[in-house]
Structures are given as structure tokens and as C-alpha cells.
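Here the structure is laid out as C-alpha cells; the discussion comes afterwards.
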């Protein structure tokens, strides 16, 4: 009990190690590639182009002080505080895509017509913690 | 490699997961609108193919060549729509005639392509896809070696065969073209803008379009006395394809007019006011205010 009450003295820690956890978490939230080919999904006989597609995905830890580095809203910091101070059953902010780019697709339709379409939000280009 | 790891985690190897409809129905149940657009198209496709015993798809090879060229013009290697483009549509659909066209036997004997009745089934055009431009796409086969660009005078008559329909009172039901075709070794397609003819029909969501077309190349420019250019007419692949340049306003479609240069307006669906609004690359016609 007495051990817990004694205020932790930052000086007893290596300050740079202490700060590192805020600035550069090891498994930092970032963008990862996932190159798939439509032939793997057996969709290549109606998707003519592109033949390969890299939707990318976001993965990694969200540090406690998310701040501007991840373009996180203030809410994400509030949720972190709730998790740490009030109720740890509330999840911490997650590493998710924040921006996307479109994709052009050339497909053969069931009636053998051919369609060129441009779809929104098909490739993740930026991650955030929220 | 990341791909195989990802694949094991997301798709797994069990046979059930291989079947697309199982995968999609387990994700959305009976709420297909939850599906992203691409998966929705593929889910419909998978369902229809199972109904038709998985008939393999055979689009017209010439048409496929044209659309692949169009794809390379509009999208980067990774499939991302190019930003430095001047057109405003996010959908292009190519239709080939429904059945084998009915040719005028008299013309056939004279070695002319002659007039043909064509029917195009436009079922795949959705309600949110608004027509900006429609084009008849003719192509020439390789029977004539074009060593250099040649220019040949041609005549084309396009007549919409349901002229009794009310749309015809407001817009022409027949178009005559006198063209000087520029044909090059690499460029064997000829695109004829028929928006004025088909615009009113497609704007009223007609599911099929019937038309008679007569395309004849002539020896010389004096169209009244000129005789048909037989070799060129023979090289002309008989039935044209129909190209529709559309603007899909659904929220899944990519709307690139956010990136328009200042002063350019977002596309206005075909409604008759803006004639000859040309959105085809290379033909920069400033939309009238």
C-alpha cells in the first residue's frame, strides 16, 4: 500500500525512454500493403482491369497522446482519457483508414456488354486513430 | 509473402468461403445496399451466372480492344483514375447489337455494307447513370494496309425505328452525316456522335433502342456522283457498337468534378438544351452557360 502511495519521481526514470512511448510506439498505426490479384478470388473472368489491386489497410497501435500526428479528432484523446482514468472497458481509439483514393474498373457485364466505372473509396491512402 | 498471409487470414481455404454468394450473404444478409459497389456488381454477377449455368462471357474482341485502350487512357497502372483529364463522366458502357443485324440483301450483292436494323439492349444502364454523350463505334479490319493516314468521304444515315414514339416530336429521329474519315494504321475506329438522336430515348430510361444505320464510304468527295469505295466498305466491320458516356450520381461512384479547374461546371445530364456538349477527350467544347 505504502509503495503505491509514494509519488512516482520522474527523475528515477530515463526521461527519453519515458517520452519515447508517447512519440514513437513500436507497432505504430500505419498503412500496410495488401496486393491481391482478382484471379485469386476467381473474379478475373469478369474483371478485365485492373488485374492486380492493392486496397492497403491500417494496422498498429494508437499511442496515448494521439494528437496531430495521426490527424485524430479531439474525441480520440477524450476516449483515451476515459479508458485510462474512468473505465478500461471502453476501447482505446483504433487504427483505421482516414483517406481513400478511387479505383477504375473495367468489367464484362452479364449481357456481354463492357463497362468502365470509377468507384470512390477503394484504396486506403492515410491512417488515423479514432 | 504478405499476400498469402493476408489471404489465409481474410479468406481462409474452406470450400464454403470459396463460394462468393456464401461470403457476401453472410456479410450482409438481405441488405445488398450495405455492399460496396464492386462487391454488389460481382454478387449480382455470381447469382446470374449460377442461374445460367456459368455461361462464360464472350464480349466482342474489337470492342474489348477499344475499351482496354480507353481504360489505359483514363486510369494509371494501379487503376487510379488520372487527374489530368478533361472529361466529366465516370462511367462508359459499350453495347453490341442484341442479335445478328438484318442486312438489306440488295446492298450485300453490290458489296456495300448497306443498311442494317440494329437493336441495343440497355438494361445495364442504372437510374443513377445520366447520359452525357452517345457514340456509334465503327471499326475497320486489317484487310486494307493503311501505310499512312488516309481521308475518305463517307455517308451515314441513322434512323431511330420507333419514330412514332412521342420523343420524336421533340428531337430528330433520323440523322445524316457526311464525314471525312481520317484512318490511320493504329487508329481503326470511327466514332460518330449520335447524342441528339439517342439522348431523348435514353433520358426516358428506354430499355432498348432500335435503329437503322447505313454507312457507306465513297471514292471521292462529290457525294452525288461518287461511286462506293468497295475495298473500304468491305473492310468496314458491319455492325457498330454503341458507346454511352454516363455520369453516375450514386454516392459510391467517383465524382471527379471536385477537381475541376475553376470555371468548369459539373456535368448536366442530357436534357436537350446543351446540344453537342462534347466530353470526349481531345474535343474540348466549353459548355455554354
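General remarks:
- Filter result (in contact with a helix residue (DSSP H, G or I) (Cβ under 8 Å, 6 or more places away or on another chain) and surrounded by fewer than 16 Cβ atoms within 10 Å (Cβ to Cβ)) within the stretch A:70-97: A:90, A:91
- Screening residue A:100 against (1) more than 8 Å from every other protein chain (Cβ to nearest Cβ); (2) over 18 Å from residue B:76 (Cβ atoms) leaves a single unmet condition, (2).
- Residue within the stretch B:92-111 that is within 24 Å of residue B:251 (Cβ to Cβ) and at pLDDT 80 or above present: yes
The values are calculated or read from the model by the stated rules, or taken from the named source; none is laboratory data. Small disclaimer: the values here were computed from a predicted structure and weren't measured. So basically every Cβ, Gly included, is an ideal-geometry build from the backbone, and we count neighbours across all protein chains shown.
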